Amino acid sequence: MDVTLHLAQDPEADELLGRSPLAALIGMLLDQQIPMEWAFKGPATIARRMGADDLDAHDIAAYDPEEFAALLAAKPAVHRYPGSMAGRVQQLCRYLVEHYDGAADAVWRDAASGRELVKRLQELPGFGKQKAQIFLALLGKRLGVRPEGWREAAGPYGEDGSFRSVADITGPESLAKVRAHKQEMKAAAKAAKAQR
């Protein structure tokens, strides 16, 4: 895996996301309740604060939980909720160590189908159906991981030419389109709730 991604809109952070499967997974995990760029910049911030060029699931899993939470909480914080997200990142890394010997790309490396891969992603701590489908779409659209049936398994996020999620971001212009789509979806959900 060595691709240029444009999710953090920061060259150093995007370079790490493009070469580090664990960084990409952690960025996806962090992508909730904060702007996408902030979430996907998180892995590079964590690596830098750990004094490393890359992230290692074994190192993160073994880190003292209080110290790891403090590392994420240092200004500027990695997430709006650094303590709980530090726990989730460590939980994800422990799962990867236990089930995949710490190799994040082993989650998708030998998946026989999109359905199998989305199931594996949903088994990861912090990955529900939607997050698993978005990450599968990111793998297929940006990272060339395309087991049979991956688009179908990714649901609407696998559609070609859509601007629904991080899987569709290739630069500032597509980021603006994805952001506009998310705002439309929020407005529609708010309107539907108001009609109840």
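The values are calculated or read from the model by the stated rules, or taken from the named source; none is laboratory data. All values reported here derive from a predicted model rather than from experimental measurement. Backbone-built Cβ (ideal geometry, glycine too); neighbour counts: all protein chains shown. Calculation scope for accessible area: heavy atoms of the full protein, side chains included, ligands and nucleic acids excluded. Shrake-Rupley method; radii C 1.70, N 1.55, O 1.52, S 1.80 Å.
Calculate the spin-label point distance for Ala187 paired with Glu159, positioning each point 7 Å from the Cα along the beta-carbon direction, and give it in nanometres.
Here the answer is 1.8 nm between the modelled labels.
What ranking of His181, His79, His58 comes out by heavy-atom accessible area, probe 1.4 Å, highest first?
My answer, sorted largest first, is His58, His181, His79.
Can you give the helix-only mean residue ellipticity at 222 nm for the chain, where every DSSP H stretch with n ≥ 4 adds -39500 (n - 2.57) and the sum goes over all residues, rounded to the nearest 500 deg cm²/dmol?
Per the formula, -19000 deg cm²/dmol.
Determine the share of region 115-196's accessible area contributed by carbon and sulfur atoms, expressed in whole percent, with a 1.4 angstrom probe.
That share works out to 50 percent.
DSSP loop trypsin sites (Lys or Arg not before Pro) in region 57-97 with at most 15 other Cβ atoms within 10 Å of their Cβ, which ones?
On the way: sites: Arg80, Arg88, Arg94; in loops: Arg80.
Qualifying residues, ordered by number: Arg80.
Carbon and sulfur together cover what percent of the accessible area of region 21-107 at a 1.4 Å probe radius? Kindly include the intermediate steps, with their values, before the conclusion.
On the way: 1870 of 3820 Å².
Within region 21-107, the accessible surface is 49 percent carbon and sulfur.
Give the accessible surface of the chain per residue, rounded to a whole number of Å², with probe radius 1.4 Å and ligands, DNA and RNA excluded.
Result: 50 Å² per residue.
Could you name the aspartates and glutamates whose alpha carbon sits less than 19 Å from that of Lys186, not counting residues in the same chain fewer than 8 places away?
Partners within reach: Asp31, Glu37, Asp168.
With Kirkwood radius over Cα pairs in Å in mind, check [x] 17.0; [y] 18.3; [z] 16.5 and report the label derived from this structure.
It is the value labelled [x].
Could you sort Met50, Met185, Met85 by accessible area so the largest value comes first, with the probe set to 1.4 Å?
Greatest to least solvent exposure: Met185, Met50, Met85.
Under a Cβ-Cβ cut-off of 15 Å, what is the net charge of the residues other than Ser165 that fall near it, where Lys and Arg count +1 and Asp and Glu count -1?
+4
Kirkwood Rh and Cα-based Rg: tell me the resulting Rg over Rh for region 1-87, rounded to two decimals.
0.93
So for the chain, taking the charge dipole from beta-carbon charges (+1 Lys/Arg, -1 Asp/Glu), which of Ala189, Ser174, Ile134 sits furthest toward the positive end?
Ala189
Multiply the residue gap between Gln32 and Glu67 by 0.36 nm, knock off their C-alpha separation, and tell me the result in nm, one decimal place.
10.3 nm
Could you check the simple spin-label distance between Arg49 and Glu152, using points 7 Å along Cα→Cβ, in nm with one decimal?
Result for the modelled spin labels: 4.3 nm.
Within 14 Å, Cβ to Cβ, of Ala104, how many net charges do the neighbouring residues add up to if Lys/Arg are +1 and Asp/Glu are -1?
On the way: positive: Arg19, Arg94, Arg109, Arg120; negative: Asp54, Asp56, Asp59, Glu98, Asp101, Asp105, Asp110, Glu123.
Around Ala104, the charge tally is -4.
Please list the non-local residues whose amide H lies under 5 Å from the amide H of Glu148, H modeled 1.01 Å from N, same-chain partners needing a gap of 5 or more.
Residues meeting the criterion, in which the H sits 1.01 Å from N, are Gly114.
Mind grabbing the accessible area of Asp64 for me, 1.4 Å probe, Å², rounded to tens?
Approximately 70 Å² of Asp64 is accessible to the 1.4 Å probe.
About the Cα centre of the chain, what is the dipole size in debye to 20, counting +1 per Lys and Arg Cβ and -1 per Asp and Glu Cβ, all else neutral?
1160
Would you work out the Kirkwood radius for region 3-46? I mean one over the mean of 1/r across all pairs of different Cα atoms, in Å.
9.6
Can you give me the relative contact order of region 24-121 as a percent, contacts being Cα pairs under 8 Å and 6 or more apart?
This gives 23 percent for region 24-121.
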